[in-house]
Amino acid sequence: MTHPDGEPWQWPEPTWRKIIGRARAGRSLAPATWPGGARCAVAISFDADHDTIPLRDGDESPMRISQGQYGNRRAMPRIRTLLQREAIPASFFYPAVSALLYPDEVRGVAQDGHEIGIHSWIHEKNTDLPYQAERDLSERAAEVLSRLSGKDPVGMRTASWDFSVNTLQIIREMKLLYDSSLMADDDAYELLADGQPTGIVELPPEWIRDDAVYWNFVRFSGLRPYTPPSAVLEIFKAEFDSAWDERGLFLLTLHPHISGHRSRMPVLERLVEHMKSRGECWFATHADIARWCKQQAGMA
Ligand SMILES: [Zn+2]
């Protein structure tokens, strides 16, 4: 689609300035201290997509759908057991369709004390949607999660981190506390819309700290991205060690249907072991970290 101002090389300065200003990193919300004098905040998140990836693609293949169901059947029990044993609170982002497929899982995760956050309706790509559709789906998704978990979600992670030109406005209209989709920093920051502070906290993820990059397999693609678990552990550890050294935030994104396999669960187990051996970590949900950062910045 051609831009009304022509090709990018023809754009006048206000055009590209407007584009970069839609959801821009404002002031850093990296706090001077973490609760209890911890050196590092650890935010572990799971995007519980389960069957919604093939559904989103309109792919009715029972094979691909079964890969998603694995997330519920085998991965989630392993993950919940590990988190419970280690007494680590985490954040679980659910597409509404995934939550509706597995309501008992959502209720159980909420009862375990974890956070439930918004992650689209059916893992749709926001950038394909007009504003009104994105807004309706986001609100319906929040209602489903609220009904199942007994708590209104306060955070959004866009599906595939596909944050559209309208997403920030929708997050503000829904009065959410934070987003976790944009990547302008290692630590929390405040989002600006057209140069104006929004009060919305961004907790930045990164593909580097995402299991899908290393392990997601697409049958008809030539790529075979089966990174050895030991290499993934090495990358995650290096990211954590630097966050610890800088007294910052370590935010990890995992997918049950990808990370919950027999050969891969040990990555999370070893990582937690490593983090606990370094010590002084504050393991917290995204919501608690966003609240802390906001409060420390005098925004609450
Ligand atoms: Zn997802």
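The values are calculated or read from the model by the stated rules, or taken from the named source; none is laboratory data. Just so we're clear, the structure is a prediction, and the values are computed from it rather than from any experiment. As a convention, Cβ positions derive from the backbone with ideal geometry for all residues, glycine included, and neighbour counts pool all protein chains shown.
Kindly establish whether residue 109 is under 21 Å from residue 178 (Cβ atoms), away from the ligand (no atom under 16 Å from the Cβ) and buried (at least 18 other Cβ atoms within 10 Å of the Cβ). In short, no.
Among the residues making up the stretch 145-174, those that are in contact with a Gly (Cβ under 9 Å, 6 or more places away or on another chain) and part of a loop (DSSP other than H, G, I, E, B) are 153, 154, 157. Of 291, 224, all but one fail to be in a loop (DSSP other than H, G, I, E, B) and not aromatic (Phe, Trp, Tyr); the exception is 224. Would you mind stating whether residue 48 is buried (at least 20 other Cβ atoms within 10 Å of the Cβ), under 18 Å from the mean Cα position of the chain (by Cα), modelled with pLDDT of 95 or more and within 15 Å of the ligand (Cβ to nearest atom)? Taking the combined requirement at face value, the residue satisfies it. Determine, yes or no, whether residue 217 is of a type in the set (A, V, I, L, M, F, W, C), assigned to a loop (DSSP other than H, G, I, E, B) and modelled with pLDDT under 95. So residue 217 fits the description; yes.
Evaluated against (1) assigned to a helix (DSSP H, G or I); (2) without any contact (Cβ under 8 Å) to a residue 40 or more places away in the chain, residue 106 falls short on exactly one condition, (2).
Annotation: of all residues in the stretch 185-218 being aliphatic (A, V, I, L, M) and surrounded by fewer than 20 Cβ atoms within 10 Å (Cβ to Cβ), the one that is farthest from residue 235 (Cα to Cα) is 193.
Any residue in the stretch 115-128 that's touching a residue at least 60 places away in the same chain (Cβ under 8 Å) and part of a loop (DSSP other than H, G, I, E, B): show its pairings with residues that are among the basic types (Lys, Arg) and crowded, with 23+ Cβ neighbours inside 10 Å at Cβ separation under 7 Å, as long as the two are six or more apart or on different chains. Note: pairs meeting the criteria are 119/157.
Residues of the stretch 189-198 include none that is at pLDDT 95 or above, closer than 25 Å to residue 77 by Cα and outside any helix (DSSP H, G or I). From the list 43, 90, 99, the lone residue that is surrounded by 24 or more Cβ atoms within 10 Å (Cβ to Cβ) and within 14 Å of the ligand (Cβ to nearest atom) is 99.
The rows are residues; the columns are (1) in contact with a Lys or Arg (Cβ under 6 Å, 6 or more places away or on another chain); (2) assigned to a loop (DSSP other than H, G, I, E, B); (3) of a type in the set (Lys, Arg); (4) closer than 30 Å to residue 67 by Cα.
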{"site": "9", "(1), (2), (3), (4)": "no, no, no, no"}
{"site": "15", "(1), (2), (3), (4)": "no, no, no, no"}
{"site": "22", "(1), (2), (3), (4)": "no, yes, yes, no"}
{"site": "30", "(1), (2), (3), (4)": "no, yes, no, no"}
{"site": "45", "(1), (2), (3), (4)": "no, no, no, yes"}
{"site": "50", "(1), (2), (3), (4)": "no, yes, no, yes"}
{"site": "55", "(1), (2), (3), (4)": "no, no, no, yes"}
